[in-house]
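Asker: Structure incoming, see below.
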Amino acid sequence: MVKVETTKHKMPEQDPKKRIKNFNEVPYGYDKETAIEEAKRCLQCKKKPCTEGCPVEIDIPEFIACIANGEFDKAAEIIKAKSNLPAVCGRVCPYENQCEGMCTVKKISLYAEPVAIGRLERFIADYERNKGVKIPKKSKSTGKKVAVIGSGPAGLTCAGDLAKMGHSVTIFEALHAPGGVLMYGIPEFRLPKEIVNSEVDYIKKLGVEINYDVVVGKTITVDELMEKYDAIFIGTGAGLPRWLRIPGENLDGVYSANEFLTRVNMMKAYKFPEYDTPVKIGKIVATFGAGNVAMDCARTALRLGAEKSYIIYRRSEVEMPARAEEIHHAKEEGVIFKFLTNPVRFIGDEKGILKEAEFIKMRLGEPDESGRRRPIPMENSEFKMKIDTALVAIGQSPNPLIPKTVKGLKIGKHGNIETDENGRTNIPGIFAGGDIATGAATVILAMGAGKKAAKAINKYLKLKK
Amino acid sequence: MYEILEKKVMSETVKLMKIKAPLVAKKAVAGQFIILRIDEKGERIPLTIADYDRKEGTITVIFMEVGKTTKQLGTLKVGDSLLNFAGPLGQPSEIEKYGTVVCSGGGVGIAPLFPIVRELKQAGNYVISILGARNEKLLMLEKEIDEVSDELHICTDDGSKGQKGFVSDVLQKLIDDGKKIDIVWAIGPVIMMKVVANLTKKYDIKTIVNLNPIMVDGTGMCGGCRVLVGGETKFACVDGPEFDGHLVDYDNLMLRNRRFLCQEEEACECTGA
């Protein structure tokens with residue numbers, strides 16, 4: 001049996017008491033020495049189960065071997081061969097369910113921790129960015145033009161890969177900034193916007209052009225794009241907020257997670273009045289939902305000065321969909337979790353400003369279609385609690401703008417664009433991937449979809465005369 | 001960047017700007033709006049399209065200086081540029097031949113009314129326009145709207161021009177005089193649209209209002225612009241901005257439009273705007 005440390009090397013972090021007063025990134029990342037030590041924990045399995053767990057199929061043992069040898073540039077090359085956004089992935093991927101979940105080291109004992117693949121990826125991406133990113137040689141120009149709609153993780157990945165294959169790629173972005181959810185959704189303290197910008201710069205250096213302020217479906221239609229481009233990739237994400245559908249949801253003080261996070265992240269309302277976009281936060285903030293977006297909302301609320309920040313969830317702790325790391329960070333920062341609790345209505349004062357909410361206690365019944373135990377309201381368990389701000393973070397649906405405006409495009413039950421496993425829609429030449437096809441999922445799955453679609457588009461363009 | 005090609009002072013606080021935005025101009029129709037951002041630190045604000053010229057590739061907006069961004073916008077000169085300008089957003093007005101149409105506009109709401117009047121007239125309707133403002137100085141586009149209307153009525157709160165009273169008073173008189181009206185458009189301050197809609201409801205005359213709530217992205221993503229229409233939550237940016245005036249919850253809209261008043265004051269103080 002090989003002898004290997006059973007715990008990951010710790011990544012230093014900002015102290016919770018200090019960090020809830022700023023928007024700076026929480027973990028600092030490994031230094032060189034720690035990264036090399038951590039890399040030495042890798043068993044270099046021949047079967048590479050970690051790579052199988054990676055949606056973009058990075059050769060993980062290979063890049064870790066390079067780190068162990070101190071060959072950081074080579075490690076960066078190996079990662080970049082598969083991932084266009086490593087600094088993003090190294091921060092927001094749910095490694096525990098993917099690469100790290102498959103790691104052999106984890107199987108040594110019940111308590112053994114996997115190799116910290118996510119932290120190592122982040123280390124290499126940051127190392128490369130600080131040093132100055134190398135631009136890979138492009139393939140010879142094919143003369144084919146591809147339009148990519150949306151500059152989120154799916155679109156950026158697809159565009160980057162297509163550019164590397166020699167196609168001419170133009171991204172159309174509805175907003176004024178690139179990155180999609182990376183920019184408007186994920187907070188600065190979890191994914192600094194400077195990092196998103198530098199990843200986008202890399203994509204641009206590959207030759208990709210980005211056009212902002214173009215709302216496809218309004219400014220220009222997909223049919224019009226079809227006349228000018230040889231193929232189209234749609235990656236417009238899941239931007240439509242879901243509501244609780246309870247009385248009082250339109251009171252002053254109730255935000256969708258999207259509105260709250262867009263104001264704070266993309267529009268930089270946390271720097272108001274230096275930046276013009278305001279956000280209003282009360283003393284007692286309740287976030288509804290328990291996914292990653294909910295954790296982002298509850299933690300952002302604390303940083304904006306909330307005295308109490310609650311997560312209100314209708315199921316129990318074990319059913320929370322957020323990543324363990326996000327829940328851990330939220331708890332460290334003092335977010336208060338109220339489980340088995342569901343809101344019934346919001347109540348406003350005479351001016352229509354939110355002042356409290358009524359809740360009902362839940363219990364868990366038999367498993368539902370999601371495999372999780374179904375929450376059931378308990379009779380006569382209603383109670384009221386004072387809240388000043390409510391953030392509704394119970395999920396997003398696919399953005400309907402494009403599905404609604406493309407004639408003949410096959411749409412699924414949930415308003416998603418239907419595709420095969422390679423991102424092909426029912427219309428030849430139109431591909432789609434990421435949340436617009438699957439419904440709200442993760443950054444890395446969107447990137448995986450963008451990657452597969454890029455391969456399929458390449459194949460399509462080769463066959464197309 | 002989107003260059004300002006023309007600027008006109010319509011009244012003390014209302015300004016017109018013609019902006020170069022060929023892609024937007026190509027698609028714009030009456031009833032729609034745009035979202036602009038002046039600079040890197042600016043907020044995104046929606047403005048209704050007051051006119052468009054596909055050949056020139058321009059969009060005209062008319063705005064009242066009410067907050068930090070509109071005040072800053074008002075200081076820009078011909079030749080200056082806006083950083084972002086996206087559109088056309090929202091659903092177009094449903095222009096068809098209704099018969100007799102009353103187009104009522106209050107204050108700065110007269111601006112978005114103009115292309116609607118023009119297109120309703122082109123569709124073969126008999127168009128009666130009613131323009132109202134607090135006083136003569138705040139009235140605008142009289143000549144332009146007169147040219148594309150069959151009848152024009154003017155009113156001011158203080159009687160400095162036209163009839164003394166509100167748009168709704170003029171409309172009431174038209175109804176009392178036995179005018180058969182098939183549909184009414186009302187665009188202006190929320191209270192004005194509410195009063196007009198309450199009036200026409202009594203006579204069962206279909207009424208369209210054009211709402212302008214607080215927005216961020218304008219593409220259906222944030223829900224900041226949600227309004228209650230017939231008890232259902234709708235997004236003004238993608239489902240609107242025009243809605244059946246008899247179904248809108250105006251009180252909720254007024255309340256939601258006051259959401260950031262304190263911050264707006266703070267922003268203005270900081271810049272001395």
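The values are calculated or read from the model by the stated rules, or taken from the named source; none is laboratory data. Computed from a predicted model, the values in this text were never measured in an experiment. Here the Cβ is made from the backbone with ideal geometry for all residues, glycine too, and neighbour counts use every protein chain on show.
Asker: Checking A:ALA163 against (1) part of a helix (DSSP H, G or I); (2) over 30 Å from B:ARG44 (Cβ atoms); (3) over 19 Å from the mean Cα position of the chain (by Cα), only one condition comes out false. Which one?
Answerer: (2)
Asker: Given A:LEU354, A:LEU391, which one is crowded, with 18+ Cβ neighbours inside 10 Å, in contact with a helix residue (DSSP H, G or I) (Cβ under 6 Å, 6 or more places away or on another chain) and within 23 Å of A:GLY282 (Cα to Cα)?
Answerer: A:LEU391
Asker: How many of the residues making up region A:264-287 are closer than 24 Å to A:ARG245 by Cβ and away from chain B (no Cβ under 14 Å)?
Answerer: Summing the residues that are closer than 24 Å to A:ARG245 by Cβ and away from chain B (no Cβ under 14 Å) in region A:264-287 gives 4.
Asker: For region B:68-112, how many residues are in a strand (DSSP E or B), within 14 Å of chain A (Cβ to nearest Cβ) and out of contact with any helix residue (DSSP H, G or I) (no Cβ under 7 Å at 6 or more places or on another chain)?
Answerer: Summing the residues that are in a strand (DSSP E or B), within 14 Å of chain A (Cβ to nearest Cβ) and out of contact with any helix residue (DSSP H, G or I) (no Cβ under 7 Å at 6 or more places or on another chain) in region B:68-112 gives 5.
Asker: Of all the strands (runs of 3 or more DSSP E) wholly in region A:189-293, which have at least 3 residues that are buried (at least 23 other Cβ atoms within 10 Å of the Cβ)?
Answerer: A:231-234, A:254-256, A:284-288
Asker: I would also like to ask the following. Within region A:1-26, track down each residue that is without any contact (Cβ under 8 Å) to a residue 60 or more places away in the chain, of a type outside the set (Asp, Glu) and closer than 29 Å to A:LEU304 by Cβ.
Answerer: A:LYS10, A:PRO12, A:GLN14, A:LYS17, A:LYS18
Asker: Kindly check whether there is at least one residue in region A:137-153 that is closer than 13 Å to A:ILE203 by Cα and either in contact with a strand residue (DSSP E or B) (Cβ under 8 Å, 6 or more places away or on another chain) or among the acidic types (Asp, Glu) (or both).
Answerer: Yes, region A:137-153 has at least one match.
Asker: What is the residue count in region B:1-46 for residues that are under 18 Å from the mean Cα position of the chain (by Cα), hydrophobic (A, V, I, L, M, F, W, C) and within 14 Å of chain A (Cβ to nearest Cβ)?
Answerer: Qualifying residue count, region B:1-46: 10.
Asker: Sticking with this structure for a sec: For region B:114-157, give me each residue that is of a type in the set (Gly, Ala, Ser) and touching a strand residue (DSSP E or B) at 6+ places or on another chain (Cβ under 6 Å).
Answerer: Within region B:114-157, B:SER129, B:GLY132, B:ALA133, B:SER149 qualify.
Asker: Now a separate question. Determine if region B:119-128 includes at least one residue that is assigned to a strand (DSSP E or B) and touching a residue at least 60 places away in the same chain (Cβ under 8 Å).
Answerer: Checked against the condition, which is being assigned to a strand (DSSP E or B) and touching a residue at least 60 places away in the same chain (Cβ under 8 Å), region B:119-128 yields no hits at all.
Asker: For B:LYS137, indicate whether it is assigned to a loop (DSSP other than H, G, I, E, B), closer than 30 Å to B:PHE260 by Cα, in contact (Cβ under 8 Å) with a residue 60 or more places away in the chain and basic (Lys, Arg).
Answerer: Taking the combined requirement at face value, the residue does not satisfy it.
Asker: Run B:LEU73 past the list (1) without any contact (Cβ under 8 Å) to a residue 60 or more places away in the chain; (2) more than 29 Å from B:ARG134 (Cα to Cα) and report the number of the one that doesn't hold.
Answerer: With respect to (1) without any contact (Cβ under 8 Å) to a residue 60 or more places away in the chain; (2) more than 29 Å from B:ARG134 (Cα to Cα), B:LEU73 is out only on (2).
Asker: In addition: Of all residues in region B:3-39, how many are touching a helix residue (DSSP H, G or I) at 6+ places or on another chain (Cβ under 7 Å) and more than 16 Å from B:GLY90 (Cβ to Cβ)?
Answerer: Residues in region B:3-39 being touching a helix residue (DSSP H, G or I) at 6+ places or on another chain (Cβ under 7 Å) and more than 16 Å from B:GLY90 (Cβ to Cβ): 5 in total.
This table checks each residue for (1) free of Cβ contacts under 8 Å to residues at least 60 places away in the same chain; (2) assigned to a helix (DSSP H, G or I); (3) surrounded by fewer than 24 Cβ atoms within 10 Å (Cβ to Cβ); (4) among the β-branched types (Val, Ile, Thr).
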position	(1), (2), (3), (4)
A:PHE63	no, yes, no, no
A:LYS74	yes, yes, yes, no
A:ARG91	no, yes, no, no
A:GLU113	no, no, yes, no
A:GLY118	yes, yes, yes, no
A:ARG122	no, yes, no, no
A:ARG129	no, yes, yes, no
A:SER139	yes, no, yes, no
A:VAL148	no, no, no, yes
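Asker: B:LEU261: surrounded by 17 or more Cβ atoms within 10 Å (Cβ to Cβ) and either hydroxyl-bearing (Ser, Thr, Tyr) or on the phi < 0 side of the Ramachandran plot (or both), yes or no?
Answerer: In short, no.
Asker: Now for a different question. Quick check on region A:305-351: of everything there that is in a helix (DSSP H, G or I) and buried (at least 22 other Cβ atoms within 10 Å of the Cβ), which residue is modelled with the highest pLDDT?
Answerer: Taking the candidates together, the pick is A:ALA330.
Asker: Tell me which strands (runs of 3 or more DSSP E) are completely within region B:186-273 and hold 3 or more residues being at the interface with chain A (Cβ under 9 Å from one of its Cβ atoms), or say none if there are none.
Answerer: Filter on region B:186-273 gives B:226-229.
Asker: Could you tell me how many of the residues in region A:225-261 are of a type outside the set (Gly, Ala, Ser), more than 10 Å from every other protein chain (Cβ to nearest Cβ) and under 28 Å from A:LEU409 (Cβ atoms)?
Answerer: Residues that pass the stated criteria total 9.
Asker: Is it true that some residue in region B:168-190 is in contact with an Asp or Glu (Cβ under 7 Å, 6 or more places away or on another chain) and more than 16 Å from B:GLY31 (Cα to Cα)?
Answerer: Within region B:168-190, none of the residues are in contact with an Asp or Glu (Cβ under 7 Å, 6 or more places away or on another chain) and more than 16 Å from B:GLY31 (Cα to Cα).
Asker: Still on this structure: Would you say A:LEU175 is touching a strand residue (DSSP E or B) at 6+ places or on another chain (Cβ under 9 Å), within 14 Å of another protein chain (Cβ to nearest Cβ), in contact (Cβ under 8 Å) with a residue 60 or more places away in the chain and surrounded by 24 or more Cβ atoms within 10 Å (Cβ to Cβ)?
Answerer: yes
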